[in-house]
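Q: A single structure is presented below for examination.
We did not get these values from a lab; they are worked out from the coordinates using the rules stated. None of the values given here were measured: they were computed from a predicted structure. Neighbour counts are summed over all protein chains in view; Cβ atoms, including those assigned to glycine, are modelled from backbone coordinates with ideal geometry.
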Amino acid sequence: MTSSERAQRLAAELPDSSVPCPVCAAAVKGANLERHLSKTHGGGAGSAPHESRWGGPERVSSRRLLALGFLATGIGVYTAIVDNQNDRVVLGSLAFAAFTSIVWGSVAWSVPLFPGRLRVDHRGALLRHSFGLGRRRLRSIDQVVLGSAWESRPSGNSGDDYSASVDERIGTYLELRRGRRGIRVHCRTGGAVRATWTGWDQGKRRKRLDITLDRSEFVALQLALWELGVLTPRRQGAR
Ligand SMILES: [Zn+2]
């Protein structure tokens, strides 16, 4: 079932509740969803074809990739020291070591370099990351936590001698939890999650995020969580 079909089914079941538009993520009264789709999006609900698998830049700092980077850097340095008769090999090895340490550093700092995949359905939630090398699986989703996503950035203030950093809000996260395990899904423009759903718990500010989804995928995730009975639509006027 596509997220548009899910949204339309939700709207038909609960015409008095808020339904997130599957295209633009705005909170729409269930009874008005059909009109919103045809007026605002030209009837083109087809532009939201997501079902239960989504992809986006991952932010997982994978230990496996770290180990790989460490190993490659070690080999590069070792080759440079052992083969010191040949300048070309030395330079090549140093360049290789430098390259791997940059990749390694990016992973360690959770720069969203690699595409991740998230799947949520009746089997639970599965996050694939680090080129498919890494997986995190939740057999069921017992709790959903909603909070604000933050990022540390260099302040860019050239007057400072020290490298100061400022915290900046970069949107919203939804964390799917089972026991102590969790998958933290980030979206820059989260839309009206708070106004639309109940069934989530308030979470802290977070900087560590596992995957970033776009707006319509983030709505598709919410609709999938509704279908699993984890999130419940909030009645309009009862905020
Ligand atoms: Zn819309």
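Q: What order do you get for 142-153, 10-21, 219-230 when each peptide is scored by the mean count of other beta carbon atoms within 10 Å, highest first?
A: Most protected by this proxy first, the peptides run 219-230, 10-21, 142-153.
Q: Between Glu151 and Ala95, take the C-beta separation as r, use R0 = 22 Å, and let me know the FRET efficiency to the nearest 0.05.
A: It comes to 0.15.
Q: I've got another one for you. Would you list which lysines come within 25 Å of Lys29, measuring only between C-alpha atoms, while excluding same-chain residues fewer than 8 positions from it?
A: Excluding near neighbours in sequence, the set is Lys39.
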